1. In whole percent, what relative contact order does region 307-400 give with Cα contacts below 8 Å and a gap of six or more residues?
2. Rounded to the nearest 20 debye, what is the charge dipole size of region 227-386 about its Cα centre when +1 sits on each Lys and Arg Cβ and -1 on each Asp and Glu Cβ?
3. So with the 1.4 Å probe, I'd like the accessible area per residue for region 292-430, rounded to whole Å².
4. What accessible area per residue, rounded to a whole number of Å², is obtained for region 211-260 using a probe radius of 1.4 Å?
5. Return an integer: the convex hull volume of the alpha-carbon atoms of region 83-125, in Å³ per residue.
6. Quick one: pull the percent of accessible area on region 310-401 belonging to carbon and sulfur, 1.4 Å probe, ligands and nucleic acids left out.
7. When the gyration tensor of region 89-175 is built from Cα positions, what are the square roots of 5 times its three eigenvalues, in whole Å, from largest to smallest?
8. Just add up the charged neighbours of Gly10: K/R +1, D/E -1, any other residue whose Cβ is under 13 Å from the Cβ of Gly10.
Amino acid sequence: MAVPRILIVGGGYVGMYTALRLQRKLHRGEARITVADYDSYMTYQPFLPEAAAGNIEARHVVVPLRRVLPSCQILSGRVTSVRLADRKAEFQPHEGPDLTIDYDYLVFAPGSVSRLLPIPGLAEHGIGFKTVEEAIHLRNHVLGKLDIAASTPVEEVRRRALTFVFVGGGYAGVEALAELEDMASDALKFFEGLRREDMRWILVEATDRILPEVGADMGRWTAQELRRRGIEVRTGTRLKSMEGGHIVLDDGDEFDAETLVWTAGVKPNPLVKAGDLPLDDRSRVKANAFLQIEGAPFAFTAGDAAAVPDLTRPGEMCPPNAQHAVRQARRLADNLLATIRGGTREPYRHKNAGSVASLGLYKGVAQIYGRELRGFPAWFMHRTYHLTRMPTVNKKTRILMDWTLGLFFPREIVSLGALQRPREEFKLAARM
Ligand SMILES: Cc1cc2nc3c(=O)[nH]c(=O)nc-3n(C[C@H](O)[C@H](O)[C@H](O)COP(=O)(O)OP(=O)(O)OC[C@H]3O[C@@H](n4cnc5c(N)ncnc54)[C@H](O)[C@@H]3O)c2cc1C
């Protein structure tokens, strides 16, 4: 009998954790696993703000799929469609002709993408905060803007370079802004002529609260804390446009800025629509409590792209976060194994435990099982919790080393923005 083929689309939280568990539990020759991901690594997203701030080396927040999944076939490239009817997926490698992948069992986990709005200038000037590349870029970009401001007496140029706007007050936006502001404020002592008052850090949030993940009280406390640090928290405000680097807000304020970070929510990866997957009204793939795709007992889904019923809140779906993604992956792998072996599947059930967020070195906010923490204890909790969750002993150790070195040495303040233009110098030499 042919060995069943399992295709895992997406090697992020759900994809990688599912593959790890299957790899461990499958007997030799029981099934063949293929993981297809655009990148060859899984990104531990909750550590991206710390990577952007330089507290953790960027390479340490990603996990190489080939190293942790030696028993799986890893394909690097883009899955362009997934069909349930004939159990096939189309795959576009980074180079070479497209492939059609046949499968017997499917795990569909391509996650989410930034939810953009049709705001003039946003697509041209904005950047998201979902990938390690964006985190590295922002670190270099912010430090590069300090370099620019410190090297010119022209007030207008300085003001534009030192105005940093973040849109969206969920954990990605608040943590990214708070960590980068903390890093920039810390770096200022090395930039002669620049003071904290010269920088403008602005958080724009359409609703009347920020950080809903830690509850209303802690959200209010976080807004106060950020304002105390000189950050402008503009709740009930929307970005109207950013044409030619000119920001216009709907409260009437307008100014120039060279940094616009868009963190106003996510939507399911558009791949959900390329094929015949059943979708709900928010374009999430419809799943049952066993994490099977509706109408396809051989196909499973979980994470940000899936609508998984939350059995602890009847009628609601699980929110898109890592806490659910990791646990769903575990249940999904076990249910997939049960399906292959003719065993019993079990429903996914997990009550949200709360959230932790870092707001810069030694600063944080948390709400865990109804307990509220702020300041140093919350920050310590954030680091401890995420370190225990970080896959592989190798990465855990490296991150711990980064933090330990950070206790004794100041953060790096060099902008390596030229990394994005590595041939510039060489081309210049060729013209001379
Ligand atoms: C900055 C930030 C901070 C966060 N902090 C927290 C936190 O503190 N706590 C928390 O619970 N959650 C947090 N989250 C949310 C959490 O990271 C996500 O909910 C989680 O990653 C979802 O897992 P997933 O497997 O569905 O998607 P992902 O982990 O995003 O994985 C999707 C994978 O699919 C791949 N992919 C996408 N499209 C294709 C394609 N067409 N072909 C091939 N591969 C493809 C991607 O490359 C990616 O590897 C944070 C998110 C961000 C951005």
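The values are calculated or read from the model by the stated rules, or taken from the named source; none is laboratory data. Just so you know, these numbers come straight off a predicted model, no measurement behind them. Every residue, glycine as well, gets a Cβ built from its backbone with ideal geometry; the counts of neighbours run over all protein chains shown. These accessible areas exclude ligands, DNA and RNA; they are computed on the full protein's heavy atoms, side chains included. Shrake-Rupley method; radii C 1.70, N 1.55, O 1.52, S 1.80 Å.
1. 16
2. Values: 23 positive and 18 negative charges, 187 e Å.
Dipole magnitude for region 227-386 comes out near 900 debye.
3. Using a 1.4 Å probe on heavy atoms only, each residue of region 292-430 averages 55 Å².
4. 46
5. Considering the Cα atoms of region 83-125, their hull volume per residue is 140 Å³.
6. Within region 310-401, the accessible surface is 57 percent carbon and sulfur.
7. 39, 16, 13
8. Within the 13 Å Cβ shell, the charges total -2.
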